[in-house]
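Structure first, commentary second.
The values are calculated or read from the model by the stated rules, or taken from the named source; none is laboratory data. Small disclaimer: the values here were computed from a predicted structure and weren't measured. Here Cβ is always computed from backbone atoms with ideal geometry, including for glycine, and neighbour counts include all displayed protein chains.
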Amino acid sequence: MATRIFAFRASSGEVFEPTPKELPTYMADPDVNVWVSLDQAGAAQRRLLIEVFQLHELLVEDALSVAPTPKVEVHDDYLYLILHGLDVERGTGPLGDAPEEVQTVDVDFFIGKNFLVTHHRVSMPSLELVRRELKRDPKPLAKGPAFLAHRLADLMIDEFLPLMERLDKEIVAVEESAVKDPDPKLLPRIFSLKHTLQRLRRVGIHQREILHRLSEGKLPYVPKKARPFFRDVEDHFVRVMDLNESYRDLVSSSLDAYLSMQSHRLNEVMKILTVISTIMLPLTFITGLYGMNFDFMPGIHWKYGYEMAWAVMIATAGGFFFFVKRRGWI
C-alpha cells in the first residue's frame, strides 16, 4: 500500500486510520497525533506532502529521491531527518563464495508538533513491525511524533548488530583462508568486505552525528523526555561504528596476509625453477660442448664416451643437488 495513515486521539485513547482527505481536519486538532507512512513517490504522495503538510517543494523533492548520506535540516514548523537502514531486498551481508555487498537505504522523517511523516523506497521490516505494534499498543504515537520516530530509528539501528556478527564470522573465515589456503577466489571476498565496511563508515559518520544532536537536545521538536531514548540509540550505533572500524583493520590485515602468502608461494615456485635451471646449466654445457661437429676432439671416438658423458652429467647434477640441499635452498 502506497500510503498508510495512523492517528491517535488522546481524549479517547484510540488509534484509527483516517483517509488522506480527512487528514487536514485531524492535523488541525491538537488532541490528535498523526503518522503518515509513504512507500512510494508518486504524484499523490507529492501533493499530500506539499498541500496538507505545507512542506517545501525542494524538501519533498529530496525526500522522494535517493539520498546517499544521512542529514538533518531544521525548519520553522518541522524537523527533517534522513537516516539509513539496511536494504533487506538486496541482501544484508557478504556470505559464502559469491559475496553480496551490504546496501543501505534512506528513510526520510518529517517531525512536527503533532505529526510524523516517513518515506521509504523499499521494504523496511522495522516500519512494518511498528505498524503492527500500534494496533496493539499506541504508546509511541500517544507520547508524540518524536517518540514514534525514536521507535523507528531504534529498530533500524538494531538491524545493524546481527549484520556485524555475520561480518565478524566472515572476516574470521577470510583471515584463516588467507593464511591456510590463499586461493585467488578469496581476493573478491576481501574487496567485497572492504567495500561493505567503507560504505557503512561513510553512512555512519553522518548518522552518528545526527543521533548525537538528537540526544543532546540540539534539535527542535525533540522533547527533553525523548532525549534519553535517542541517547540509547546513539550508544547502539556507536558500538556498530566501533566494530566497523576494527573490522576494517582486520580486513586490511587479511589483504596484507593474502598478498604476503601469494608472494611467498611465488617465491617458492621461483626458487624451485632457479634450482632446476642451476642444475641443468652444466648439463647443457656438457651436451653443447660434445655436440660440436669437430673430427678431432678428446674422447669423441672413444668406445665408452657416451656412457662416460652420462656418468659425468649425473654426477654433476647430483653434486649440485646435494649442494643446494645442504645449504637449505630447497
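Of everything in region 101-127 that is surrounded by 22 or more Cβ atoms within 10 Å (Cβ to Cβ) and in a loop (DSSP other than H, G, I, E, B), the residue that is modelled with the lowest pLDDT is Val102. For Ala98, the test of being in the same structural domain as Leu250 (by TED's automatic domain parsing), surrounded by 18 or more Cβ atoms within 10 Å (Cβ to Cβ) and either modelled with pLDDT under 90 or assigned to a loop (DSSP other than H, G, I, E, B) (or both) is failed.
All told, Leu281 falls short of being part of a helix (DSSP H, G or I) and buried (at least 16 other Cβ atoms within 10 Å of the Cβ).
What strands (runs of 3 or more DSSP E) completely inside region 1-61 contain at least 1 residues that are surrounded by 13 or more Cβ atoms within 10 Å (Cβ to Cβ), touching a Lys or Arg at 6+ places or on another chain (Cβ under 6 Å) and among the aliphatic types (A, V, I, L, M)?
On the way: elements: 3-9, 14-16, 32-38.
Those strands (runs of 3 or more DSSP E) span 32-38.
Considering only region 197-219, state which residues are assigned to a loop (DSSP other than H, G, I, E, B) and surrounded by 15 or more Cβ atoms within 10 Å (Cβ to Cβ).
Within region 197-219, the first condition is being assigned to a loop (DSSP other than H, G, I, E, B), and the residues that meet it are 216-219.
Correct list: Leu219 only.
Would you point out the residue of region 301-330, among those that are part of a helix (DSSP H, G or I) and of a type in the set (Ser, Thr, Tyr), that is farthest from the chain's Cα centre (by Cα)? For region 301-330, the residue satisfying everything is Tyr306.
Determine, yes or no, whether Ala257 is within 30 Å of Glu170 (Cα to Cα), touching a helix residue (DSSP H, G or I) at 6+ places or on another chain (Cβ under 7 Å) and surrounded by 11 or more Cβ atoms within 10 Å (Cβ to Cβ).
Details: within 30 Å of Glu170 (Cα to Cα): yes; touching a helix residue (DSSP H, G or I) at 6+ places or on another chain (Cβ under 7 Å): yes; surrounded by 11 or more Cβ atoms within 10 Å (Cβ to Cβ): yes.
Yes: the conditions hold for Ala257.
Yes/no matrix, rows are residues, columns are (1) exposed (fewer than 13 other Cβ atoms within 10 Å of the Cβ); (2) aromatic (Phe, Trp, Tyr):
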| residue | (1), (2) |
| --- | --- |
| Asn293 | yes, no |
| Trp302 | yes, yes |
| Ala311 | yes, no |
| Ile314 | yes, no |
| Phe320 | no, yes |
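Determine if region 269-290 includes at least one residue that is among the small types (Gly, Ala, Ser) and either modelled with pLDDT under 75 or farther than 30 Å from Ser192 by Cα (or both).
Of region 269-290, the ones among the small types (Gly, Ala, Ser) are 277, 288.
Add one more test, that the residue is either modelled with pLDDT under 75 or farther than 30 Å from Ser192 by Cα (or both), and what stays is 277, 288.
Yes; the residues of region 269-290 include at least one that is among the small types (Gly, Ala, Ser) and either modelled with pLDDT under 75 or farther than 30 Å from Ser192 by Cα (or both).
Taking the condition assigned to a helix (DSSP H, G or I), touching a Ser or Thr at 6+ places or on another chain (Cβ under 9 Å) and over 21 Å from Phe8 (Cα atoms), does Ser177 pass?
In short, yes.
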